[in-house]
Every structure is written in structure tokens, then in C-alpha cells.
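Colleague: The structure is given below, and queries will be raised subsequently.
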Amino acid sequence: MRVEVPKRDYRLGEPVRFVMRLINNSDEEVRLAFPTSQIFDFLIESTDGRISYSWSSDKMFLQVITERELGPEEAIIQEFDWKPPTAGKYRLKGFTVNFRIDGEAIHLEAEPVIFKVYR
């Protein structure tokens, strides 16, 4: 699981665009089962740890089990935009919702990404 942010400096009013990837790093096909239509989520925190934004907090997801099959090195990819409300230094934390592979519960978190927003 990883988050890709193309740059680390933004102007206030400019959307922060990024991509989340959930990659099958194994040599075999895997079947992932998610409890809803949601696969990814993210939090934006100020550098002192206060949550500035939670992506899923204002979203609704289909209440249906979502199964995805991934071959070796295949990925689930989703693009996101976030418009910072104020200038400052932020930390982006991307993660998957809890899902299952062969009945085993899994939750993955990407390495946090820090970026700055200038006036």
C-alpha cells in the first residue's frame, strides 16, 4: 500500500492531488473482500497531530461486500483531491479499510507524506 503525492509544496487554493495504490506483491493471484464499496481512506493532520480532514467522514458507501481479484503485481488505484482550507504544514495518512484475504483480517497503512501549503 502506498500514497503517491507528486509534489510537496502547494499554494493556498490549489488542490492537493494524490494517488493510493494497493499492490499485490505476491507471486499468486489473491482475492480481497471488502465489507462495503469503500477500499481506501485518508486523514489529513496538522503536524501537531490534530485531524484537519477525514475523507470518509462525509461519504456514504454501498453496504455490499466488494470482492476484487488481483494478479501478481496488479494494483487497485484510486485518485483523490483535497483542497486545504488554510496555509500550513500537513501530514497525509492513507490506509485501507479492514478487508479479508482467505478469511484473514487485514488493515494496511501507507507511509505518511508531509507537504506544505503556502499563501
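Colleague: Output the number of the condition that TYR10 fails; it satisfies all remaining conditions of (1) touching a residue at least 24 places away in the same chain (Cβ under 8 Å); (2) part of a loop (DSSP other than H, G, I, E, B); (3) not small (Gly, Ala, Ser).
Modeller: So TYR10 meets the others, but not (2).
Colleague: I'd like the full set of residues that are surrounded by fewer than 14 Cβ atoms within 10 Å (Cβ to Cβ), touching a Gly at 6+ places or on another chain (Cβ under 9 Å) and not in a loop (DSSP other than H, G, I, E, B), limited to the range 82-109.
Modeller: Matches in the range 82-109: GLU109 only.
Colleague: Listed residues GLU74, GLU79; which is closer than 17 Å to MET1 by Cα, of a type in the set (Asp, Glu) and exposed (fewer than 11 other Cβ atoms within 10 Å of the Cβ)?
Modeller: GLU79
Colleague: For residues in the range 20-42 being surrounded by fewer than 16 Cβ atoms within 10 Å (Cβ to Cβ) and within 13 Å of the chain's Cα centre (by Cα), which is farthest from VAL97 (Cα to Cα)?
Modeller: Residues of the range 20-42 that are surrounded by fewer than 16 Cβ atoms within 10 Å (Cβ to Cβ), as a first pass: 21, 23, 25-31, 33, 35-37.
Next cut, within 13 Å of the chain's Cα centre (by Cα) only: 21, 23.
Numbers: ARG21: 13, ILE23: 15 Å.
Step by step, filter the range 20-42, then rank; the result is ILE23.
Colleague: Can you tell me how many residues within the range 72-107 are within 16 Å of the chain's Cα centre (by Cα) and under 11 Å from LEU22 (Cβ atoms)? If you could, list the steps in order and put the result at the bottom.
Modeller: So in the range 72-107, the residues within 16 Å of the chain's Cα centre (by Cα) come out as 75-83, 90-99, 106-107.
Remaining after also requiring under 11 Å from LEU22 (Cβ atoms): 75-78, 94-97, 99, 106.
Summing the residues that are within 16 Å of the chain's Cα centre (by Cα) and under 11 Å from LEU22 (Cβ atoms) in the range 72-107 gives 10.
Colleague: Return yes when SER56 is touching a Pro at 6+ places or on another chain (Cβ under 8 Å) and either modelled with pLDDT under 95 or more than 27 Å from TYR118 (Cβ to Cβ) (or both) and no when it is not.
Modeller: Numbers: touching a Pro at 6+ places or on another chain (Cβ under 8 Å): no; either modelled with pLDDT under 95 or more than 27 Å from TYR118 (Cβ to Cβ) (or both): yes.
So SER56 fails the test.
Colleague: Please verify whether the range 27-41 includes one or more residues that are more than 19 Å from GLU109 (Cβ to Cβ), outside any strand (DSSP E or B), at pLDDT 95 or above and in contact with a Leu (Cβ under 6 Å, 6 or more places away or on another chain).
Modeller: yes
Colleague: With the requirement that a residue be farther than 17 Å from VAL117 by Cα and either part of a loop (DSSP other than H, G, I, E, B) or free of Cβ contacts under 8 Å to residues at least 24 places away in the same chain (or both), what does the range 13-26 give you?
Modeller: Answer for the range 13-26, where residues must be farther than 17 Å from VAL117 by Cα and either part of a loop (DSSP other than H, G, I, E, B) or free of Cβ contacts under 8 Å to residues at least 24 places away in the same chain (or both): ASN24, ASN25, SER26.
Colleague: Moving on to the next point. Restrict the check to the range 44-57 and report whether at least one residue is under 17 Å from MET1 (Cα atoms), touching a residue at least 24 places away in the same chain (Cβ under 8 Å) and either in a loop (DSSP other than H, G, I, E, B) or out of contact with any strand residue (DSSP E or B) (no Cβ under 8 Å at 6 or more places or on another chain) (or both).
Modeller: no
The values are calculated or read from the model by the stated rules, or taken from the named source; none is laboratory data. Keep in mind the model is a prediction, meaning the values are calculated, not measured. Virtual Cβ from ideal backbone geometry, glycine too; neighbours counted across all protein chains shown.
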